[in-house]
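Q: Pasting a structure below so you can have a look.
The values are calculated or read from the model by the stated rules, or taken from the named source; none is laboratory data. On a predicted model such as this, the values are computed, not experimentally measured, just so you know. Counting neighbours? That spans all protein chains shown, and the Cβs are built from the backbone with ideal geometry, glycine included.
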Amino acid sequence: MRYIPVPPPTEVKTCSRCSLQSPADAEQCIHCAQLSDRELHQYLQQHQRRLRAGANLGRYFALVAAVILVLMAMLLLKG
Ligand SMILES: [Zn+2]
């Protein structure tokens with residue numbers, strides 16, 4: 001079996017065009033270097049949507065956890 005070394009944490013730089021992070025040793029931004037302005041705009045909108053979807057999911061789980069806690073508390077108080 002081949003041993004695959006775990007790469008050390010790479011340094012990142014923030015792109016001034018798309019404000020996403022690329023490896024510091026990358027010559028071009030890995031996100032937007034290949035994109036036209038128009039494509040970059042769409043890409044960033046999708047990125048924002050994904051971020052927002054993730055935040056909503058987090059809120060949802062927090063709500064579910066809160067409900068479960070309340071139910072458990074009610075059961076304990078009754079019991
Ligand atoms: Zn970029």
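Q: Please list, ordered by first then second residue, the pairs with beta carbon atoms under 9 Å, 6 or more apart or interchain, first in the stretch 33-49 and in a helix (DSSP H, G or I) and at pLDDT below 95, second surrounded by 10 or more Cβ atoms within 10 Å (Cβ to Cβ) and of a type in the set (Ser, Thr, Tyr).
A: Listed pairs, sorted by first residue: 44/19.
Q: Test residue 20 against the criterion of being in contact with a helix residue (DSSP H, G or I) (Cβ under 9 Å, 6 or more places away or on another chain) and within 16 Å of the ligand (Cβ to nearest atom), and give yes or no.
A: yes
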